Amino acid sequence: MKNWTRPIMMVLLAISMGGTGAMLQVGCAAHRTPNANGSPTAQVTTTEQVNFDNAQIAIHNRAIAQGIVATQQAGFLETEYFDKLSAAQIKITRIHEQLTPLLKNPVAANSAQINDLLSQMKTIAAQMVTDGTAGIKNDQSKQSMLTEVNAISSLANSIISTLTTAGILK
Amino acid sequence: MNPLGADIALKLSALLAALTAITVEDLAAIKSAGVLGPDVTTNIENLQTLTTNIDEDTISQLNAARTAAGLPTL
């Protein structure tokens with residue numbers, strides 16, 4: 001790769017990550033549609049909220065994947081880094097696939113497994129930062145990458161917090 | 001601008017358009033997913049299905065791109 005293409009690559013990666021970052025900031029608590037007769041709506045349940053947070057992880061993870069793929073296919077991300085980032089994202093997604101059915105009806109009996117899966121996701125997300133940013137010399141790009149990958153950890157923490165408050169996770 | 005610079009600029013424009021589309025699409029998905037109806041069971045089923053489908057799509061897209069890049073699928 002020519003020396004002058006590297007800064008462009010980094011800027012593009014930052015843009016791709018920044019775009020999904022803007023998206024994440026909009027992600028918030030779920031809300032119920034108003035009743036037709038104007039009566040008060042029921043509160044969003046714990047299970048609904050954790051499933052919404054869980055869906056946001058999936059949406060966010062896919063957006064990052066699409067951004068990385070688009071950047072790689074445009075020729076602005078070296079195969080070496082694409083290999084590491086995509087492998088880590090597939091790992092996170094496979095773990096997430098195991099987590100989702102456990103959240104359909106989260107119970108204390110599954111507490112250890114839910115905690116373990118969320119912990120694994122956070123560990124791999126941290127590893128993505130190390131592996132994916134290893135060749136990035138631009139601080140802004142590195143920070144953008146860090147922000148995006150940490151978003152998955154934040155949502156995982158939100159699920160843990162909600163289930164702990166509800167007394168399901170110990 | 002030399003031909004190589006023009007090529008980079010063209011790829012940059014295409015990529016920016018793609019990234020914008022991704023952001024808009026996924027913002028809409030999050031907004032839509034967060035609007036819940038009156039039936040709790042249905043809402044949870046819908047969120048579970050949405051999550052499962054998106055995860056499958058993510059792996060499919062990543063593996064397709066890995067194959068195109070000459071990398072093994074995972």
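Looking only at the range B:15-74, count how many residues are among the charged types (D, E, K, R) and within 23 Å of A:LYS91 (Cβ to Cβ).
Going residue by residue through the range B:15-74, those that are among the charged types (D, E, K, R) are B:25-26, B:31, B:39, B:45, B:55-57, B:66.
With the extra rule that they be within 23 Å of A:LYS91 (Cβ to Cβ), the set shrinks to B:26, B:55-57, B:66.
Adding up the residues that qualify gives 5.
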Matching residues, the range B:25-43, being at pLDDT 80 or above and in a helix (DSSP H, G or I): B:GLU25, B:ALA28, B:ALA29, B:ILE30, B:LYS31, B:SER32, B:ALA33, B:VAL40, B:THR41, B:THR42, B:ASN43
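Could you count how many residues in the range A:43-71 are more than 7 Å from every other protein chain (Cβ to nearest Cβ) and not in a helix (DSSP H, G or I)? Even if it seems obvious, please write down each step before you answer.
Taking the range A:43-71 as the starting set, the residues that turn out to be more than 7 Å from every other protein chain (Cβ to nearest Cβ) are A:43, A:46, A:49-50, A:53, A:57, A:60, A:64, A:68.
When the remaining residues are screened for being not in a helix (DSSP H, G or I), the result is A:43.
Adding up the residues that qualify gives 1.
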Selection count, the range A:77-122, where residues are more than 22 Å from B:THR41 (Cβ to Cβ), of a type in the set (Val, Ile, Thr) and free of Cβ contacts under 8 Å to residues at least 60 places away in the same chain: 4
Condition broken by B:LEU19, with the remaining ones in (1) at pLDDT below 75; (2) not in a helix (DSSP H, G or I) satisfied: (2)
Qualifying residue in the range B:1-18 (condition: more than 7 Å from every other protein chain (Cβ to nearest Cβ), of a type in the set (D, E, K, R) and at negative phi): yes
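The values are calculated or read from the model by the stated rules, or taken from the named source; none is laboratory data. Because the structure is a prediction, the values reported are computed rather than measured. Note that we place each Cβ from the backbone using ideal geometry, even for glycine, and neighbour counts take in every protein chain shown.
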